[in-house]
Amino acid sequence: MKRVVVVGGGLSGLSAAWWVAQSAREAGVGVALTVLEREPQAGGKIRSSRKGGYLCEAGPNGFLDNKPSTIVLSRALGLGERLLRSRDEARKRFVFAGGRLRQLPEDPVSFLASDILSIRGKLRLAAEFLLPQGDPDEDESVAAFVRRRLGEEALDRLIDPMAAGIYAGDPETMSLRSSFPKVHQLEQRFGGLLRGMLEMRKMAAAAGAQGPQSAGPGGVLWSYPEGLEELVASLADGVGRERVRTGVAAEGMERVGRAWVVRTSDGEAVEADAVVLAVPAYDGARLLGPLDDRLADLLHAVPYVPAAVVCTGYPREGVPHPLDGFGFLVPKSEGRRILGSLWSSSIFARRSPDGRVLLTQIVGGARNPELVGLDDAGLVAVVREELRITLGIEAEPEFVWIRRWDKAIPQYVVGHGDRLQEIEERVASLGGVFLAGNAFYGIGVNDCTARAQELGPQVVAWLAGAP
Ligand SMILES: Cc1cc2nc3c(=O)[nH]c(=O)nc-3n(C[C@H](O)[C@H](O)[C@H](O)COP(=O)(O)OP(=O)(O)OC[C@H]3O[C@@H](n4cnc5c(N)ncnc54)[C@H](O)[C@@H]3O)c2cc1C
């Protein structure tokens, strides 16, 4: 029987454990799994809280179906029937720009009619068609790339809010290639973004596709009736609750022959033929530092931004806006103190009691990290003021739920790609150590489950080769 220890019981660790078990079964390799999770509850950033009929998410609100891995995993776990599709109206997204909400265009025709960019901004964007391709070897920042190809206004009104919405990040420091690899590839493959999008449409039409499945950033958002916690709970059941040891941290690891010994906070030494590290980069640095100084420095160099999630619930009549969409994001230039507001009860069914609405605000990020340090009353005051200005809500929320993350989201800053390559080389040279987690291969739910699916057979191949 081969032994595998997975450090970290967030989505990455639980899904890696699950895929290792699947791959081992398929390969006929006997595997004894242990998942170590420092917190009393597994799930990491995924936590769904139902209180008084409101359902709040501490972390992710859902995942898109433009990548298959989480849908595939859900079905494999027997959660297929629980998959909950967002409402169609949630594909309408807004940006708070120039002091009011403006709908993001859903296609090129509505883009021409929309007022999200001035005529000058639209012309500048259209000129992208004529621009030469950039240097494929340059690790350019998101902001530099967008300025070069689409212009300052598109950066301010379209891309900066998107960077805030996905990464809570700053486009001036984020690496385009690592943060938005598809956009980078579009330029490299087709010479430009507009050219690339036209070619992709032609290819989709030739392949008989009906055009893009949805508006919004590529796909429809999904969750489960009781939130994303259903996924991590089902994973923990699938792996076996007795194998997921919560409240136990890994404190160090040592090589013993070809195997590893992982020391835990409860004083045990757990032996393993392979170790999957599915922890934030800074936690990985602490574990691997004593084995490789340089590796620890590289891992410590992945920055994180803090964020607070502030959910507010109101009687429907307390909110003058129709809330007919996904919600809105705010460009930095507006000087507002929320990154955006998700209209949770418009996105998914049963997120609020009948006759009530639930909004989820994100505060902090790279833009205003200091706001995450406010106490609850301070955060609520900020959110109330911002919702008054953006949505005209004067009413006091009847329901408030807050969750702060000191290190919410890793940032793939310029240099991330080179750093990752060196991290991978150094980890590979340790032998039998595998990296998962959202610090490396994509920050979203789908990226975590895709990486886990990839790792399953890799870990089993290593085990099969072990003496
Ligand atoms: C506010 C917020 C909103 C988000 N929204 C979305 C969204 O809408 N869509 C989307 O796709 N993604 C979203 N994300 C990103 C998504 O939540 C993450 O990518 C994903 O949950 C990360 O999972 P993970 O397992 O890699 O890391 P984590 O969830 O951070 O899990 C790591 C785990 O490792 C444990 N750990 C650390 N060190 C040790 C140790 N030494 N021993 C044992 N255990 C240890 C930690 O306790 C933790 O449980 C959001 C994230 C945040 C914070």
Hey, can you find the accessible area per residue of segment 47-145 for me, probe 1.4 Å, expressed in square angstrom? 51
Any lysines whose Cα falls less than 17 Å from that of Lys67, other than same-chain ones fewer than 8 residues away, would be Lys182
Test of understanding: what is the full-extension gain from Ala301 to Ala428, defined as 0.36 nm times their sequence separation minus their Cα-Cα distance? 43.8 nm
Under 5 Å between amide H atoms, partner at least 5 residues away or on a different chain: which partners does Arg3 have, H built in plane at 1.01 Å? Ala32, Asp273, Ala274
Through the Karplus equation 6.51 cos²θ - 1.76 cosθ + 1.60, θ set to phi - 60°, convert the phi angles of segment 319-335 into ³J(HN,Hα) values in whole Hz; use x for Gly and Pro. 10, x, 6, x, 6, 9, x, 7, x, 9, 10, 10, x, 4, 4, 6, x
Potential lengthening between Asp292 and Ser110 on full extension [0.36 nm per residue; Cα-Cα distance subtracted]: 60.1 nm
Please compute the contact order of the chain in relative form: average sequence separation of alpha-carbon pairs under 8 Å and at least six residues apart, divided by the residue count, as a percent. 27
Under the rule of at least 5 residues apart or a separate chain, name every residue whose amide H is placed under 5 Å from the amide H of Val433. Val275
Local electrostatic count, Ala58, Cβ distance below 11 Å [Lys/Arg +1, Asp/Glu -1]: +2
Can you work out the Karplus-derived ³J(HN,Hα) for every residue in segment 104-113? Use 6.51 cos²θ - 1.76 cosθ + 1.60 with θ = phi - 60°, whole Hz, and x for glycine or proline. 6, x, 9, 7, x, 5, 5, 5, 4, 7
Residue separation between Arg75 and Ala144 times 0.36 nm, minus their alpha-carbon distance, gives in nm 20.8 nm
Going Cα to Cα from Lys92, which aspartates and glutamates come in below 17 Å? Please leave out same-chain ones fewer than 8 positions away. Asp65, Glu106, Asp107, Asp115, Asp324
Take segment 65-158, compute every pairwise Cα distance, and split them into 10 Å bins from 0; I just need the percent in each bin. 13, 30, 24, 23, 9, 0
Long-range Cα-Cα pairs in the chain (distance over 29 Å), rounded percent: 51
Any cysteines in the chain with zero other Cys Cβ atoms under 4.7 Å from their Cβ? List them, or say none. Cys448
Cα centroid distance between segment 360-428 and segment 15-80, in Å? 23
Need one number for segment 317-400: average projected area of the convex hull over its C-alpha atoms, nm². 5.6
Just to be sure I understand: if I project the alpha-carbon convex hull of segment 154-300 onto a plane and average over all orientations, what area do I get in nm²? 14.4
Give me the mean projected area, in nm² to one decimal, of the convex hull enclosing the Cα positions of segment 359-467. 10.2
Using Cα positions and a limit of under 19 Å, work out the aspartates and glutamates in reach of Lys51, with same-chain residues fewer than 8 apart set aside. Glu226, Glu229, Glu230, Asp354, Asp376, Glu396, Glu398
Phi-derived 3J(HN,Hα) across segment 437-444 with the Karplus relation (6.51, -1.76, 1.60, θ = phi - 60°), rounded Hz, x for Gly and Pro, is x, 7, 7, 10, 10, x, 8, x
Could you give the spread of the C-alpha atoms of segment 293-345 along their three principal axes, from largest to smallest, in whole angstroms? 58, 24, 17
How much of Thr312 can a 1.4 Å solvent probe reach, expressed as accessible area in Å² and rounded to 10? 0
Going by average Cβ neighbours within 10 Å, how do the peptides 103-115, 368-380 rank, with the highest at the top? 368-380, 103-115
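The values are calculated or read from the model by the stated rules, or taken from the named source; none is laboratory data. What you see is a predicted model; the values in this text were computed from it and never measured. Virtual Cβ from ideal backbone geometry, glycine too; neighbours counted across all protein chains shown. Side chains are part of the model used for accessible areas, which takes the heavy atoms of the whole protein and leaves out ligands, DNA and RNA. Shrake-Rupley method; radii C 1.70, N 1.55, O 1.52, S 1.80 Å.
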